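Here the structure comes first, spelled out in structure tokens, and everything after it is commentary.
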Amino acid sequence: MKEKKVVFMGTPDFAVPVLKELIDNTNVVLVVTQPDKKVGRHQEVEMTPVKKVALANNIPVFQPIKIREDFEEILNMKPDIIITCAYGQIIPNILLETPEYKAINVHASLLPKLRGGAPLHKSIIDGYKETGITIMYMIDKMDAGDIIEQEKIEITDEDNVGTIHDKLSTLGASLIIKTLPSIFNKTNKRIKQDENEVTYAYNIKREEEKIDFNKTSREVFNQIRGLYPYPIAYTTLKDNIIKITEARLSEKETGHIGEITEVNKNGIIVKCLDKSIIITKLKPSGKKEMDAYSFANGYGKENLIGRKFK
């Protein structure tokens, strides 16, 4: 595969293992990534994770502000194939059709389920029992191209976005390398997606981060896991924002919705629509993450019982 010229397009940490495998096994001639951004209190410019890997391997980097208007540099490389993974912009049709082996994408769901930019989060929030990686041809419609290959993993109650991220980024890297020979030999599968099976995973909105204890304990539990370690679900206590970073399910059914019914060494027990959850770790506004029992001791356990998260 070393004779084939590959242009890779990706941006975040999730795409790094894929890029590294492509560098080791193919001829990556250009890396396309989102523009660098200013981050932190001091607004220092930080390179994207993918750019760091490219520069470390002496691979040219292209960072167009709008890829639909600025793509000639990619065409000038005369790539045999374009491979994308979590790039972050809609790619113009000319880039999808010009390379001999077209453009393919490494997507973090089992398409046609969870098309969109937040499949990791929504797979947990929406209660999926499994997810996986899809290698697919790209068309000028979001995540709707023909499926080439898929591999799945189980989602357990111990998983959160962080663990699923790491599992799928590693899986994506191995699956793309296993799939490329059949693409180059033109012996690969092309399976049309069933439009009747489509679900969507649009980017998380701020209002989706707020916990609604009017939902079932399972739904609240999934929301907390599905937003950790980023952007993190939150609630309020006496108008103070508290981010909830870890919780467990409880069989307790007493109390009013949102009410703190008990505090013990396991954590803070809160009533949901049906049963309860046990908040085990949290992050008060302006403070570091801590276990819930330590927070309760500092707040005063007797002052917490009967209060409501809103």
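Observations
- Filter result for the condition that a residue is touching a residue at least 12 places away in the same chain (Cβ under 8 Å) and surrounded by fewer than 17 Cβ atoms within 10 Å (Cβ to Cβ), over G127, G145: G127
- Restricting attention to the range 3-46, the residues being farther than 24 Å from L96 by Cβ and without any contact (Cβ under 8 Å) to a residue 40 or more places away in the chain number 12.
- Scanning the range 182-204 for residues that are outside any loop (DSSP other than H, G, I, E, B) and more than 16 Å from the chain's Cα centre (by Cα), we see that the one that is surrounded by the fewest Cβ atoms within 10 Å (Cβ to Cβ) is N196.
- Qualifying residue in the range 220-231 (condition: more than 30 Å from G116 (Cβ to Cβ) and surrounded by 13 or more Cβ atoms within 10 Å (Cβ to Cβ)): no
- Scope the range 90-124; condition among the hydroxyl-bearing types (S, T, Y) and in contact (Cβ under 8 Å) with a residue 40 or more places away in the chain; matching residues: Y101, S109, S123
- Any chance S285 is touching a Lys or Arg at 6+ places or on another chain (Cβ under 6 Å) and more than 27 Å from D166 (Cβ to Cβ): no
- Number of positions in the range 272-289 that are of a type outside the set (S, T, Y) and touching a strand residue (DSSP E or B) at 6+ places or on another chain (Cβ under 8 Å): 9
- Listed by first and then second residue, the pairs with beta-carbon distance under 7 Å, at least 6 apart or on different chains, first residue in the range 149-170 and buried (at least 16 other Cβ atoms within 10 Å of the Cβ), second among the aromatic types (F, W, Y), are I155/Y128; N160/Y228; V161/Y228; V161/Y230; H165/F14; S169/F14.
- Just one of the listed residues (T216, T179, T235) is touching an Asp or Glu at 6+ places or on another chain (Cβ under 7 Å), surrounded by 13 or more Cβ atoms within 10 Å (Cβ to Cβ) and over 22 Å from C85 (Cβ atoms), and it is T216.
- All told, N297 falls short of being surrounded by 14 or more Cβ atoms within 10 Å (Cβ to Cβ), farther than 17 Å from T236 by Cα and in the same structural domain as I224 (by TED's automatic domain parsing).
- Search result, residues across the range 26-39 that are closer than 17 Å to N58 by Cβ and not in a loop (DSSP other than H, G, I, E, B): N27, V28, V29, L30, V31, V32
- Any hit, the range 99-116, residues being surrounded by fewer than 17 Cβ atoms within 10 Å (Cβ to Cβ), at pLDDT below 95 and among the acidic types (D, E): no
The values are calculated or read from the model by the stated rules, or taken from the named source; none is laboratory data. Please read all numbers here as calculations on a predicted model, not as lab measurements. Quick reminder, even Gly has a Cβ in these numbers, built from the backbone with ideal geometry, and neighbours come from all protein chains shown.
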